[in-house]
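Notes follow once the structure below has been shown.
The values are calculated or read from the model by the stated rules, or taken from the named source; none is laboratory data. Since the structure is predicted, the reported quantities are computational estimates derived from the model, not experimental observations. Quick reminder, even Gly has a Cβ in these numbers, built from the backbone with ideal geometry, and neighbours come from all protein chains shown. Calculation scope for accessible area: heavy atoms of the full protein, side chains included, ligands and nucleic acids excluded. Shrake-Rupley method; radii C 1.70, N 1.55, O 1.52, S 1.80 Å.
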Amino acid sequence: MGFNSNDVVTLKLDCAGWYQPYVVDITRMQLGEILLKLDDMAASTDEQGTPDHAQKWPSPEEAYANAPSITSESEWTRRTADEWADEGMDRDWYLRHAAVLDRIALRGATDLFSDAAEDADATATILLDLDQATRGYDPRSYVRQQYALWAEQERASMNTRRVTCYVAVCDLCGGTSDYEGSTPHFDTARDAVDYATASDDGWTRTSDGLLVCDAVRDTAHEDAHAAAGKRMSPCAMSVTWDDTDTVLPA
């Protein structure tokens, strides 16, 4: 009997933990396509399971191109270990320690560092375990890769810094703009409040601690200013607020 690719067959899949098997009727052609896809998926999984798959292992020259001297790094790891002995070392310390031992080992064994290669391998393996990376990686190649990434991040962070600033925020409407429509930023919360309330017809700090902006938009604003003895000018009453302003706590 000849083979017909359009013949219908029943496919039944059953795995541990399934409530019930999955059953479907498909043609022989569709079954063949499914089996080919399964073969491709299995091959892909095997390839990804190879330890060094898709890894870029930089050479020592690439990884340590801009690294500090071995002497200075060795001194940093020793000093930091002494200072943090009670708290424990962080990941940066383990990485830099492994990197400097790798660099020492690359110079070859000497009387002072007769076990340099063994020490470098052991320390690199500690970093592998700390990062929960596969033991299939070459430990020292992994150290070089991670050091190169860390060094790049350190260089990038030197071009930026995080700055915390303060702006005055109206407790009634959440407004942050002054009468000119801008939002001044200050180093301290006190400076922001002092600036906002400096003018006789500016923002008001009420007796119960609320900060009220100079936009007379409702009775609550008007009452707060009136209680402070302020009579808001028409220009203040014309202030409009952008609801997209970021409201930060004072």
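Give me the net charge for the shell around D129: Cβ to Cβ below 14 angstrom, other residues only, Lys and Arg +1, Asp and Glu -1.
0
Quick check: the distance between the Cα centres of the range 65-85 and the range 182-227, to the nearest angstrom?
52
Among residues other than T80 whose Cβ falls under 10 Å from its Cβ, what is the net charge (Lys/Arg +1, Asp/Glu -1)?
Local charge sum for T80: -2.
Provide the gained length on full extension for the span D82 to D7, in nm with one decimal, where the gain is 0.36 nm per separating residue minus the Cα-Cα distance.
19.4 nm
Which residues in the range 122-144 have a backbone N closer than 12 Å to a point placed 7 Å from the Cα of W57 along the Cα-to-Cβ line?
136-144, by backbone N distance to the label point.
Protein chains only, probe 1.4 Å: how do E87, E154, E73 rank by accessible area, largest first?
Listed by decreasing accessible area, they come as E87, E154, E73.
When the chain is fully extended, how far beyond the present Cα-Cα distance does R28 get from D119, taking 0.36 nm per residue of separation?
Gain on extension, R28 to D119, equals 26.8 nm.
To the nearest 10 square angstrom, what accessible area does I104 show with a 1.4 Å probe?
For I104, the solvent-accessible surface is approximately 20 Å².
Give the shape of the range 84-146 as rounded, prolate or oblate, defined through the alpha-carbon gyration tensor: a ≥ b ≥ c are the square roots of its eigenvalues, a/c under 1.5 means rounded, and otherwise the shape is prolate if a/b is larger than b/c and oblate if not.
Oblate, because a/c is 1.5 or more while a/b does not exceed b/c.
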